[in-house]
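Please treat every number below as a calculation from the coordinates, not as lab data. Please read these numbers as outputs of a predicted model, since none were measured by experiment. Quick reminder, even Gly has a Cβ in these numbers, built from the backbone with ideal geometry, and neighbours come from all protein chains shown.
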Amino acid sequence: MHTKDLLASGVAHDLNNRLQSMANALGLMRLRVASGRTSDLNSLIEVAERALVGAGELAHRLMSAGRTLQSDELILLNKTVSSMRDMLRYVAGEAITLRLAFPDSDTWILCDSHLLECALINLVINSRDAMPRGGLITIETRKACSPAGDDGQEYVSLSVTDSGSGIAPDVLEKVFEPSFTTKPKGSGTGLGLPMIRHFVDQARGRIEVHSAPEQGTRIELYLPIVAES
Ligand SMILES: Nc1ncnc2c1ncn2[C@@H]1O[C@H](COP(=O)(O)OP(=O)(O)OP(=O)(O)O)[C@@H](O)[C@H]1O
Ligand SMILES: [Mg+2]
């Protein structure tokens, strides 16, 4: 698949994720209203609004395909990930506990924040799908050594770890191939991890997958630190 085709299909794939988040949030709101539990609808409304804004941004990129699908900005990583907490919890679903951990002080990174958000949504969806009976997802950031030996650059690692089914070695070597999926037809397109790798490449970072069958999975994105907060 050419990079341009991958990007267009990948953006459409992430647009679909956003529409599904919005549909789920609206469905939950409908259930709450039907049962008279209307006092705590705010977080659901925020999730739906965030999905709508994200979908609009992605649709805009699709319309400008061929020109720019990328727009970098300086962001504070921990702050940005924290702001996604509610949305990621809804994506994970009630059977899963989602924990955020930020042991170090915040760092500025240069990246496309919409693609970062899409990457985290995709990672949480993958972890959720690997834990049909529920489990734990931990999203953690910490300052890290360069994954490729000392290149004079400081990195922050953003990892998503799950307690799910894990990945067999023969599958592990294919997970970044565009369109590779082990999910049933209609439920997976195999574009999630290739899009995440594209995001990481654009941010001049690296990605590592650590996994073994029945041992869970940890996917770690190393992103260059621009400045400490
Ligand atoms: N956390 C995980 N646990 C177990 N297997 C995983 C995990 N993340 C990815 N995989 C494996 O890697 C494959 C490719 O993942 P990728 O996100 O690229 O596509 P997908 O999830 O199958 O489909 P899509 O993301 O388009 O819905 C998955 O089908 C699955 O086999
Ligand atoms: Mg996926």
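In units of the rule-of-thumb radius 2.2 N^0.38 Å, the chain shows an alpha carbon radius of gyration of 1.01. Calculate, for residue 204 and residue 64, the FRET efficiency according to 1/(1 + (r/R0)^6) with r their C-beta to C-beta distance and R0 22 Å; round to the nearest 0.05. Between residue 204 and residue 64 the formula returns 0.45. Segment 135-169 and segment 25-63 have Cα centres lying 30 Å from one another.
Toward the positive end of the charge dipole of segment 3-228, with +1 on the Cβ of Lys and Arg and -1 on the Cβ of Asp and Glu, the farthest Cα among 34, 165, 109 is that of 34. P(r) tail, segment 91-184: Cα-Cα pairs separated by more than 16 Å, 66% of all pairs.
Using bins of 10 Å that start at zero, the share of Cα-Cα pairs per bin across segment 19-119 amounts to 13, 38, 32, 15, 2, in whole %.
Under a Cβ-only charge scheme (Lys and Arg +1, Asp and Glu -1), can you give me the dipole magnitude of the chain about the Cα centre, in debye to the nearest 20?
Numbers: 23 positive and 28 negative charges, 172 e Å.
Dipole size: approximately 820 debye.
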